[in-house]
Structure formats: structure tokens, C-alpha cells
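Please treat every number below as a calculation from the coordinates, not as lab data. Computed from a predicted structure; not experimentally measured. Counting neighbours? That spans all protein chains shown, and the Cβs are built from the backbone with ideal geometry, glycine included.
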Amino acid sequence: MVLHSPFSRRSFLSLLGVGATATLASCASSAPAPRRIVSTVAFQPDPLPGPGPDSELDRMYGTVVDGGFVIPAIPYQQINPRYYRQRVVDPTGERPGTVVVDTPSRFLYLVEPGGTAMRYGVGIGREGFSWSGDGVIQWRQKWPKWTPPNEMIARQPELARYSADNGGMPPGLKNPLGARALYIFQNGQDTLYRLHGSPEWQSIGKAVSSGCVRLMNQDIIDLYERVPSKARIVVWQ
């Protein structure tokens, strides 16, 4: 089977199994749903040797000028190729337009019509393991502010300057929420669970110290443009 898209070469390999102001208060915990894993690709924490230069990847992960900021190119050769953005056969069974986060495998899928999905590599923070189930992407923001939760400030007092009382951290290249944030609600309530960009491309495919679900800035921008309004999201633990 050949998928006709700009990502067809890596898509074929993946089929073979190779490869208004916004602030973030915190990411909340709730009782996890039953474990549900359908990904056919086992999680590999250690990155594999990357490929040489590739014009397609250069376009995907090159320098981006967005919102008055210059996002640096990502050295994709240093990232496990399985976490590159790519179109794959949909493994989720969900309806088109649904976002699925496969937490154990460090993948995010956006289900497309015709049996395919766009797959993105993600990094999972401590809070990223704390919520699972169904929700809605109720709100989204370009270049959001970031407000560390009080619990984080207690551990890292130097972050007090970014507290809610102080207005949070302004948008920018060093902001932990990166270029975009998608805010997840359930039953009309904010779950405090977010999908967001990150300048820390090294964390993709890994479990990191804090945060929810992070994507490379180039990938969160791509996802932001593709996700339909009020999209359903399903998170597997």
C-alpha cells in the first residue's frame, strides 16, 4: 500500500514497523482509566542513529519565523527517526478529527479520513501520566503565557517571578509552553491537561521531569493547523 502524501517514504517505512490571555496553572491528577495500548511499536527510550541530511526533513524541521519569533532549526539527525512527524495507517480506530495520545509509546495521532493518521513524537512529563480518558480540545492559544503552579514554585522558588500574581512568563522561545498550547476539557471542566510545544527537542520520546504532553515547536504548529475546532481527544495510559 502506498500513501500519497509528502511523507510517503517514511510512511512506507512506518507501515513496515521501522520506524482572552492564556496561562497554564498546572496539570492535574485524576484516577487513571484502564490501561489501553494498541500501538504496534514498542517504546524504545534510547535514540537510534539518525539519517543524513534530508531535504524533506529540512523543510519540516528547519527554521520557522512565527508570531514575531524565529524558531531555530531542529537537529533532527539526533532524534530517533520513529518520532519524526509522518503519515501512517491509523492504528486507533477512532473517527477522523480525533486526537489520540498513546502515552506509553510516546506518540500522538491525529486521525484522518481514509484510514490514515498524522503521527507525532511526544515527550511525557510527570503530569502527562496523571490524566487519561476522553475530552475535548476546548481552547487553543498561539504563543501562550506560562504560569508555574504553586507546587512547582515551592520546589523551585526562583520561578516565583512567573507566578500568577506576577503575570506569568511572557511568550517566547524559552517559554515552556512553546509556540502553541491546546487546552483539554472534560464534561465542561478544565482538566489542566495540555498539549503544547517545547524548545527542548531532546525530550521527545522521553519521560521528563514536568509538564503534560510536549511536541517539538515545528510539530505543534503543524498539529495546531490541522486539528478541527472542539476536537475530541483520547488519552491512553
| note | With 0.36 nm assigned to each residue of separation and the Cα-Cα distance removed, D66 to E151 gains 27.4 nm
| said: Can you give the local net charge around T116? Use residues other than it whose beta-carbon is closer than 9 angstrom to its beta-carbon, Lys and Arg +1, Asp and Glu -1. | reply: -1
| said: Ranking request for peptides 195-201, 149-155: highest mean number of other beta-carbon atoms within 10 Å first, then the rest in descending order. | reply: 195-201, 149-155
| message | Neighbour counts of other C-beta atoms within 10 Å: give me V122, V64 arranged from fewest to most. | response | V64, V122
| query | Put +1 on the Cβ of every Lys and Arg and -1 on every Asp and Glu Cβ in region 61-136; which of G114, P96, I74 then has its Cα farthest towards the positive end of the dipole? | reply | I74
| query | For R180, R140, what's the fewest-to-most ordering of other Cβ within 10 Å of each Cβ? | reply | R140, R180
| task | Calculate the radius of gyration of the Cα atoms of region 84-125 to one decimal place, then report Dmax, the largest Cα-Cα distance, as a whole number, both in Å. | result | 9.6, 32
| remark: In this structure, the FRET efficiency calculated for K174 and R59 from their beta-carbon separation, with R0 = 25 Å, to the nearest 0.05, is 0.50
| said: How would V70, V227 line up from fewest to most surrounding beta-carbon atoms within 10 angstrom? | reply: V70, V227
| note | Per 10 angstrom bin, beginning at 0 and ending with the bin that holds the maximum distance, the Cα pairs of region 55-96 fall in percents of 23, 38, 27, 12
| task | Give the cross-link partners of K174 among the lysines, using a straight C-alpha distance below 25 Å as the criterion and excluding same-chain residues fewer than 8 apart. | result | K142, K145, K206
| note | Here, Q78 and K230, labelled 7 Å along Cα→Cβ, have an inter-label distance in nm of 4.3
| field | Largest-first principal axis extents of the Cα set of region 99-190 (Å) | value | 48, 27, 24
| said: Using the Cα atoms of region 185-237, I'd like the radius of gyration and the largest Cα-Cα distance, Dmax, both in angstrom. | reply: 12.2, 34
